[in-house]
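Notes to accompany the following structure.
The values are calculated or read from the model by the stated rules, or taken from the named source; none is laboratory data. Not measured: the values here are computed from a predicted model. Counting neighbours? That spans all protein chains shown, and the Cβs are built from the backbone with ideal geometry, glycine included. In case anyone asks, the SASA skips ligands and DNA or RNA and just uses the protein heavy atoms, side chains included. Shrake-Rupley method; radii C 1.70, N 1.55, O 1.52, S 1.80 Å.
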Amino acid sequence: MLDKTTFPFQLPGGEWVATGRVERAMEAIDVGGARLLELAWLAPTPTGRIAAVVWPTNQFAEAPAAEVERHVRRALRGHPRVRSWEIPSFVLLGDEPWEYRPRAKVRAMLSSHFGPALADPASGLRGAALPNPALRRHAALSSLLRSELAAALERVAPGTAAASAALAAALAGCVDGACLLRNADGSLREPELRHNPYDPRAPLASRLGRCDDEPWHLWDLAEKRGGSGPSPAALLRPLKGLCADAHALERLRGVLPPVLPSLGILHKLGVRFRLRLHCACALANQGAPVAFRAEATSA
């Protein structure tokens, strides 16, 4: 849990900010009968303004940052115990489960947004890169895995370039620049982000933006391709060839470390890929109808 002991701070103009009082007011914001925020944390920026890092409740987990900021500003303007200068100039959304991020990491997040490298802290707040070496390592490991998958599939199933490429993307969960645990912008994907389970009835974009223990991308990417490109059934040949090659499987299982630490949390990396690979091979080896629709699994 986060340490909620906070202290007032003074703005350059001499005004004092009662952090605890303002944070409690933010955490009590009600929108349509539902609580908006799990937690709020205030800090001064180098430009003399106030930034708030907030973690929305599950009801607002997918709400755009602009919408959350609008609710916060509206509620604080009408709050009898919040003074005008105590209303945050910036509202940043925490990108990982709020209950796990220690205060030191919040300071690092604020520093990344408002450090000297950012000439204009009012622009691109949410998109600014966190000083997290795990992001670079994840990108490097994703690239290595894609290379190893391509080499293994070319060896075990020559002449199946299109199907092999589709299979590699499905096994690694690669969609539009995202692979494995993270999106193209470095943010976490489900279920690592908020532990929400896979829902076969969810919109296609939501299903594609995940990387579960099961390789649902075998079907979801085929749905994205529509009638073009290889079908899930066409992936059986390279998949069976891969699963029949013990050396290739052993090599692929050792490409990724079991877990990847990031901001104090151990994320399932190699463990998740091995489960996806095992599940895909179980389907192939048991002669399961790989072409069935994912919706059938909802029963």
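Of the peptides 60-70, 266-276, how do they stack up when ordered by the mean number of other Cβ atoms within 10 Å, highest first?
266-276, 60-70
Can you pull the one-decimal nm distance between simple spin-label points at Arg35 and Arg21, each 7 Å off the Cα toward Cβ?
A separation of 2.2 nm, rounded to one decimal place.
Please give the per residue accessible area of segment 192-273, computed with a probe of 1.4 Å over protein heavy atoms only, in Å².
About 46 Å² of surface per residue is accessible.
Pull out the extension gain between His195 and Arg77, defined as 0.36 nm times the separation in residues minus the alpha carbon to alpha carbon distance; nm, one decimal.
Stretched out fully, the His195 to Arg77 stretch lengthens by 39.1 nm.
Accessible area of segment 27-101 with a 1.4 Å probe: how many percent of it is carbon plus sulfur?
It is 49 percent, rounded to a whole number.
If I model a spin label at Ala205 and Leu275 as a point 7 Å from the Cα along the Cα→Cβ vector, what separation in nanometres do I get?
Label at Ala205, label at Leu275, 2.7 nm between them.
Just how far, in whole angstrom, is segment 220-256 from segment 46-93 if you go by their alpha carbon centroids?
46 Å
Ser231 versus Ala282, label points 7 Å from Cα toward the beta carbon: distance in nm?
Calculated label separation equals 2.5 nm.
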